[in-house]
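The values are calculated or read from the model by the stated rules, or taken from the named source; none is laboratory data. All figures in this text were calculated on a predicted structure; none of them were measured in a lab. All Cβ positions, even for glycine, are placed from backbone atoms using ideal geometry, and neighbour counts span all protein chains on display. Each accessible area value is taken on the protein alone, full model and side chains, heavy atoms only, with ligands, DNA and RNA left out. Shrake-Rupley method; radii C 1.70, N 1.55, O 1.52, S 1.80 Å.
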Amino acid sequence: MNMKKIGMQMSLLMGVTLSFFLSLTGLLAAGKFNVVGWLISFLISTVISLIIGFLIPMKKVTDGVNNKLGLEPGKLGTRCMESLISDLIYTPIITLAMVFMAYKKATAHGAKIPFIGMFGKSLVISLVVGFVLIFIFMPLYMKLVFKKNGIGGPQGPNIQGSMSNPSEKDD
């Protein structure tokens, strides 16, 4: 089985999901929601997410951290660590880009707001939302992608939601 293909499919699904919800969260938190703004934010965020996902081998990163910490595949603590790692890689970059865009637009219209304050508030909210999204969607998408690629039979892999699966072999 080509684990790179599975990694790409996971990156696509997680990138689009994070982008969808983080774009929505950012605009709602700012109190400036409009469909056009959300679409622009979503598209830019999706492109950023896909670039991150295709450049950073998340499975290798999370497996490396899990091994160093002695975390066992499938355990709640392992899932939390994997979610945190993904969150800390994706969310700050996406949030920085979205806040910078919003800051430029606001200051162009005469607003006098500090960038750091705007970024800090958005980052905290986005990190919490991102963690929850990753924790919920990653195991669901893994089962879907594994099933689609013929791993784990009709029920998907028995990995209890963890990105780490000792029966996986990197090809």
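Among the criteria (1) modelled with pLDDT of 85 or more; (2) part of a helix (DSSP H, G or I), the one G150 does not fulfil is (2).
To keep it simple, each residue is scored yes or no on (1) open to solvent by 70 Å² or more (accessible area, probe 1.4 Å); (2) touching a residue at least 24 places away in the same chain (Cβ under 8 Å).
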site	(1), (2)
M8	yes, yes
L12	yes, yes
L28	yes, no
L50	no, yes
K59	no, yes
D63	no, yes
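Elements of the type helices (runs of 4 or more DSSP H) sitting completely within region 1-115 and holding at least 1 residues that are closer than 16 Å to V132 by Cβ and modelled with pLDDT under 90: these cover 3-30. In region 86-113, the residues that are farther than 24 Å from V65 by Cα form Cβ pairs under 8 Å with partners that are open to solvent by 30 Å² or more (accessible area, probe 1.4 Å) and of a type in the set (D, E, K, R), at six or more places apart or across chains, as follows: A102/K32.
Inside region 108-134, residues that are open to solvent by less than 50 Å² (accessible area, probe 1.4 Å) and among the β-branched types (V, I, T) make up a count of 2.
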